[in-house]
1. State all residues of the stretch 156-174 that are farther than 22 Å from Ile220 by Cα, out of contact with any His (no Cβ under 6 Å at 6 or more places or on another chain) and within 16 Å of the ligand (Cβ to nearest atom); if no residue qualifies, say none.
2. Select, from Asn119, Asn125, Asn154, Asn113, the only residue that is polar (S, T, N, Q) and either touching a helix residue (DSSP H, G or I) at 6+ places or on another chain (Cβ under 8 Å) or in contact (Cβ under 8 Å) with a residue 40 or more places away in the chain (or both).
3. With the condition kept exactly as written, say whether any residue in the stretch 144-155 is within 16 Å of the ligand (Cβ to nearest atom), closer than 19 Å to Pro191 by Cβ, assigned to a strand (DSSP E or B) and not hydroxyl-bearing (Ser, Thr, Tyr).
4. Go through the stretch 185-219 and give me each residue that's aliphatic (A, V, I, L, M), assigned to a loop (DSSP other than H, G, I, E, B) and within 14 Å of the ligand (Cβ to nearest atom).
5. For the stretch 117-146, which residues satisfy the criterion of being of a type in the set (A, V, I, L, M) and surrounded by fewer than 21 Cβ atoms within 10 Å (Cβ to Cβ)?
6. Report yes if Arg163 is in a helix (DSSP H, G or I) and of a type in the set (D, E, K, R), otherwise no.
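Throughout, read-outs are computed from the coordinates displayed, never taken from laboratory work. It should be emphasised that the depicted structure is a prediction, and the values quoted were computed from it without experimental measurement. Positions of Cβ are backbone-derived with ideal geometry, glycine not excepted, and every protein chain shown enters the neighbour counts.
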Amino acid sequence: MVAENLIKIRSRIELACRKSDRNFNEVTITAVTKTFSSELANEAVEAGIFDLGENYVQEFVHKKKELNDDRIRWHFIGHLQTNKVKFVCGQVDLIHSVDSLRLAKEISDFCLNTGFKQNILMEVNTSEEAAKFGIKPGDAQVVAEEIMRLPGLNLIGLMTIGRFSEDAEESRYEFRMLKEIKSDLEQKGIPLKHLSMGMSNDFDVAIEEGSTIIRLGTAIFGNRDYKK
Ligand SMILES: *Cc1c(COP(=O)(O)O)cnc(C)c1O
């Protein structure tokens, strides 16, 4: 089932790229494995998806150990508490969810002690919904400049979560805003490679607006059962 879903997803990616005159190779799928078993995660790996994303520290640590596969690039995409930085920093290729300067400092300090530089994205709360984490759009520039001064980090892009809605078009404005923030930062001398935006319900629109990393759970693995 995972392999079949991926075929459908890839053709949707292709269509969105064609519509927006982009290259298919610019978009990477991160398979979001939260609540799904290691067996299912492994099916994605066997189908050629080597980027896996997790939201919860405990589940990440467990799944990384259980899968024990060097081909996998792990992504941390959930809210990270500062006291759990040590379980994630240096263990993942990319932390998407750096949602405060305090967290960025904590990660940088941890990295300095271990002689490692962590790749990160700055999470921006483009919809300004109260229930969401992330830097306010108006603070993005100041915070990004502060992050650039932290020696333990490589800031390589921005991340956002579209507003929850049945209609993906409703997230277009936020995706466009993230791309504009990226352009503004680049004009201030902060070059950024990635825009992590787009989930199962809105990835087509996110690609049209410039996404380079889409984060897909349900579209690949089916519905989640949070009771597990
Ligand atoms: C769960 C989650 C996803 C994947 O969501 P789907 O709707 O299942 O594709 C992507 N990004 C973040 C931050 C998530 O928490």
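1. The answer is Leu158, Glu170, Glu174.
2. Asn125
3. Within the stretch 144-155, the subset within 16 Å of the ligand (Cβ to nearest atom) is none.
No; the residues of the stretch 144-155 include none that is within 16 Å of the ligand (Cβ to nearest atom), closer than 19 Å to Pro191 by Cβ, assigned to a strand (DSSP E or B) and not hydroxyl-bearing (Ser, Thr, Tyr).
4. Once the filter is applied, which keeps residues that are aliphatic (A, V, I, L, M), assigned to a loop (DSSP other than H, G, I, E, B) and within 14 Å of the ligand (Cβ to nearest atom), the stretch 185-219 yields Met197, Met199.
5. Ala130, Ala131, Val142, Val143
6. Details: in a helix (DSSP H, G or I): no; of a type in the set (D, E, K, R): yes.
Spelling it out, it is not the case that Arg163 is in a helix (DSSP H, G or I) and of a type in the set (D, E, K, R).
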